[in-house]
Ligand SMILES: Cc1cc2nc3c(=O)[nH]c(=O)nc-3n(C[C@H](O)[C@H](O)[C@H](O)COP(=O)(O)OP(=O)(O)OC[C@H]3O[C@@H](n4cnc5c(N)ncnc54)[C@H](O)[C@@H]3O)c2cc1C
């Protein structure tokens, strides 16, 4: 792709910022990534990404995009022992109170193009950061916070940044991409420049995560690499046990509406026992615990509707959690950031005016799909009023999940939609609806 500009500045060097920088490096001669934290060398937690200590799963679409943007990266994952979740036998997926997954002969299950991956968050970020750092034209300014936008006419022309010693400077830019996450200040900056802030929708999920890392004796979990037990209205708590690199696991216990696991080991295990399938809990009893419990609270999920703004300055975009900060229990945020990066690449390649409108409109389709799915489930679990459409869709998906257990076609379709490979509309095509309503192949035969 030819260059469309001289300098792009990305604010935030977490997943959304790194993936944006990757695609901008093809379109701009210089890309500066501004990050408030001093960035660690190697695989380490950092202050600006406190969620990094908790389980993170990268959905198949996110994996496919990483593979496309960074050829060879998945081979490095494999070399470092990052487990790839590819077959139903490797997942225990208890959703809506029923264990999902195709139970028929494995050879009938349609092969999936990409597995899901679940490296630790610091590992993922450090490997992606190394790839971006190696790209020509990309410079990192870490230990440096963005404090305001600088405008010229109806465009953003740069960003004011402050180093840790308080020294301020303006970085001029043809494009500024705000990837500073759920706390991102673009709505405030827009108002200061005389624009409206975007409409917001919030769902008060009040989710708390409590996590510990562990090792298990070889074979303790059989083939399982991922155990997910999701919340249900009568038990608004959830657990995720994920195999990570270097033979470690992370166990995350989550709760809605202020429910949270104790942090002491005995209380943590007792909280897990309420949800874990017995064979998984038996394995946990043999665990070697590697660290103390850490907690993280997410008071609300939040969607900011930038695509609805009638006036928006040129030279500015917002990506990642700054657009939509999902309930983490659905594991969508990083994959959505990856989808946004590919849409940014395509929007730049298409050329033409009004980049922001084209970008926000194109991303809204995917963001909305993930947002609506999550919000429907949240409302059901929290006992909040649901629209009739949400109730009907919820009941349909529950039936689809049940039929998928003996219908490999439906199981494969559901897996692709769940992994954000295919749009949710795929599950509502007439042939699929018929399969769901008639109970799949077993009932028809
Ligand atoms: C507990 C928890 C669990 C999650 N689990 C999953 C999961 O399983 N799967 C999944 O896909 N997603 C998950 N997510 C979501 C995922 O972490 C985010 O979607 C992902 O990190 C992308 O966010 P981001 O890059 O937009 O923002 P963030 O990750 O929040 O990063 C923002 C970055 O901007 C920097 N920054 C902030 N302010 C400034 C400033 N003024 N100047 C410069 N830099 C600044 C921060 O230091 C940070 O580096 C989870 C989230 C939480 C909270």
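The values are calculated or read from the model by the stated rules, or taken from the named source; none is laboratory data. As the structure is a computational prediction, the values presented were derived from the model and not from experiment. Glycine also receives a Cβ, built like all others from the backbone with ideal geometry; neighbour counts cover every protein chain displayed.
Of all residues in the stretch 181-197, those satisfying the criterion of being under 15 Å from residue 323 (Cβ atoms) and away from the ligand (no atom under 11 Å from the Cβ) are 187, 190, 197. When the criteria are applied in full, residue 200 meets the requirement of being in a strand (DSSP E or B), more than 15 Å from the ligand (Cβ to nearest atom) and touching a strand residue (DSSP E or B) at 6+ places or on another chain (Cβ under 9 Å).
Take the conditions (1) within 12 Å of the ligand (Cβ to nearest atom); (2) without any contact (Cβ under 8 Å) to a residue 60 or more places away in the chain; residue 41 misses just one of them, which is (1). Pairs are defined by a Cβ separation below 9 Å, a sequence spacing of at least 6 or placement on different chains, a first member in the stretch 168-189 that is closer than 9 Å to residue 316 by Cα and in contact (Cβ under 8 Å) with a residue 40 or more places away in the chain, and a second member that is within 13 Å of the ligand (Cβ to nearest atom) and in a loop (DSSP other than H, G, I, E, B); the pairs so defined are 177/12; 177/319; 178/12; 178/184; 178/185; 178/319. The single condition among (1) closer than 14 Å to residue 306 by Cβ; (2) within 21 Å of the chain's Cα centre (by Cα); (3) away from the ligand (no atom under 16 Å from the Cβ) that residue 360 does not meet is (3). Does residue 205 satisfy being surrounded by 18 or more Cβ atoms within 10 Å (Cβ to Cβ) and either more than 15 Å from the ligand (Cβ to nearest atom) or assigned to a strand (DSSP E or B) (or both)? Here the answer is no, as residue 205 does not meet what is asked.
For the stretch 49-62, a residue qualifies if it is more than 17 Å from residue 344 (Cα to Cα), near the ligand (Cβ under 7 Å from one of its atoms) and touching a helix residue (DSSP H, G or I) at 6+ places or on another chain (Cβ under 8 Å), and the qualifying residues are 49, 51, 54, 56, 58, 59. Please determine whether any residue of the stretch 340-349 is in a helix (DSSP H, G or I), at pLDDT below 95 and within 30 Å of residue 210 (Cα to Cα). Checking the stretch 340-349: not a single residue is in a helix (DSSP H, G or I), at pLDDT below 95 and within 30 Å of residue 210 (Cα to Cα). When we screen 402, 370 for residues that are surrounded by fewer than 20 Cβ atoms within 10 Å (Cβ to Cβ) and either modelled with pLDDT of 90 or more or assigned to a helix (DSSP H, G or I) (or both), the only hit is 402. Listed here are the helices (runs of 4 or more DSSP H) enclosed by the stretch 1-91 that have at least 2 residues being within 27 Å of residue 184 (Cβ to Cβ): 15-27, 60-69. So, of the residues in the stretch 1-39 that are out of contact with any strand residue (DSSP E or B) (no Cβ under 6 Å at 6 or more places or on another chain) and modelled with pLDDT under 95, which turns out to be surrounded by the most Cβ atoms within 10 Å (Cβ to Cβ)? The selected residue is 4. On the given criteria, is residue 347 crowded, with 17+ Cβ neighbours inside 10 Å, touching a helix residue (DSSP H, G or I) at 6+ places or on another chain (Cβ under 6 Å) and without any contact (Cβ under 8 Å) to a residue 24 or more places away in the chain? When the stated conditions are applied, residue 347 passes them. A count restricted to the stretch 79-125 and to residues that are touching a helix residue (DSSP H, G or I) at 6+ places or on another chain (Cβ under 7 Å), more than 16 Å from the ligand (Cβ to nearest atom) and under 30 Å from residue 17 (Cβ atoms) stands at 4. Restricted to the stretch 126-174, and to residues there that are away from the ligand (no atom under 16 Å from the Cβ) and at positive phi, the residue that is surrounded by the fewest Cβ atoms within 10 Å (Cβ to Cβ) is 153.
Within 16 Å of the ligand (Cβ to nearest atom), surrounded by 18 or more Cβ atoms within 10 Å (Cβ to Cβ) and in a loop (DSSP other than H, G, I, E, B): is that true of residue 213 in this structure? No: the conditions fail for residue 213.
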